[in-house]
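For reference, the structure is listed below as structure tokens.
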Amino acid sequence: MSYKIVIDSCGEFLEQWKTDEHFESVPLVLTVGGENIVDDDTFDQAEFLKKIAACEECPKSACPSPERYMKAFECDAERIYAITLSAELSGSYNSAVLGKNLLLEEHPEKKIHVFNSRSASVGETLIAMKIEECEKAGLAFDETVRTVEEYISGQNTFFVLENLDTLRKNGRLSGVKAFVATALKIKPVMGSTDEGTICQLDQARGMNKALVKMMEHIVAKTSDSENKVLAICHCNCPERAEMFKEAIAEKMNPMQIVVLNTAGVSTMYANDGGIIVAV
């Protein structure tokens, strides 16, 4: 095996990666009401959403340990790439870097690079796809790293939430504001910053209007869309995702559109009905 791509479990996995030795997902641990849930292939989205709805406390996530990353890096691959959710949102990036350094102490000849996605969810997925593309094109390790870092700098992530409970529970939205927003059916349109933090881009009354607003921001921020891959991730709302896919295809005509369902970490933050888009 010449290369390996390690992704923390906030990044959604394409179906074919689940049986591909070049890919490994390193799970975060989710905590709801004192119960720890590993974000791996045993994750049950429907059950998890029920637990979140029933618990007044905000669900939390814990990043993988440096030792867990080190274990993922211990392989026969000559070139190893890791992708983590934004370093501004989680300790996963720092943990992966520590895991890299631990392995390099024992195997200094290894080539390992950890990418700070400055994103999450399908933003990480698209980065992994870019690495795979570079590897299949025969690029050298340093050239792949340079190409992918440039790709990350030009990437944007957007999302719209149907349910504001998680924002309310984690203190990002006061109880009064959450109540008013819910009563008026106001949906925030959120996006990533260049540094990898989250900002509010817009808002609208009703989910459909919010999705239209999000589409406007995506179109405005995306150049050369015909040569780009766009990814849509949904939390338990496949029909909404397909509707958005058809609409964005008419507006932008991207080279490829990938649609995925949220795994554990993304489910926790997007909550039931949320839509995430990266391009």
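Summed over segment 70-126, residues that are more than 25 Å from Phe159 (Cα to Cα) and in contact (Cβ under 8 Å) with a residue 60 or more places away in the chain total 10.
Against the definition (under 27 Å from Glu78 (Cβ atoms), open to solvent by less than 40 Å² (accessible area, probe 1.4 Å) and not basic (Lys, Arg)), how does Ile7 come out, yes or no? Against the criterion (under 27 Å from Glu78 (Cβ atoms), open to solvent by less than 40 Å² (accessible area, probe 1.4 Å) and not basic (Lys, Arg)), Ile7 qualifies. Among all residues of segment 115-134, there is at least one that is within 15 Å of Cys10 (Cα to Cα) and part of a strand (DSSP E or B). Take segment 46-63 and flag every residue that is within 19 Å of the chain's Cα centre (by Cα) and closer than 22 Å to Ile198 by Cα. Within segment 46-63, Pro59, Lys60, Ser61, Ala62, Cys63 meet the criteria. The set of residues in segment 86-97 that are aliphatic (A, V, I, L, M) and open to solvent by 10 Å² or more (accessible area, probe 1.4 Å) comprises Ala87, Leu89, Val97. Which ones in segment 36-64 are surrounded by 15 or more Cβ atoms within 10 Å (Cβ to Cβ) and in a loop (DSSP other than H, G, I, E, B)? Across segment 36-64, the qualifying residues are Asp39, Phe43, Cys55, Cys58, Pro59, Cys63, Pro64. Would you mind stating whether Ala181 is open to solvent by less than 40 Å² (accessible area, probe 1.4 Å), outside any helix (DSSP H, G or I), at pLDDT below 95 and more than 25 Å from Ser90 (Cβ to Cβ)? Considered against the rule, which asks whether it is open to solvent by less than 40 Å² (accessible area, probe 1.4 Å), outside any helix (DSSP H, G or I), at pLDDT below 95 and more than 25 Å from Ser90 (Cβ to Cβ), Ala181 comes out as no. A Cβ distance below 7 Å, combined with a sequence gap of six or more or placement on separate chains, defines the contacts here; from segment 193-206, residues that are at negative phi reach residues that are open to solvent by 100 Å² or more (accessible area, probe 1.4 Å) and in a loop (DSSP other than H, G, I, E, B) in the pairs Glu195/Glu88; Thr197/Glu88; Arg205/Lys185.
The values are calculated or read from the model by the stated rules, or taken from the named source; none is laboratory data. Quick caveat, the model's predicted, so the values are computed rather than measured. When we count neighbours, we look across all protein chains shown, and the Cβ atoms used for this are built from the backbone with ideal geometry, even at glycine. When the accessible area is computed, the model is the full protein with side chains, heavy atoms only, and any ligands, DNA or RNA have been set aside. Shrake-Rupley method; radii C 1.70, N 1.55, O 1.52, S 1.80 Å.
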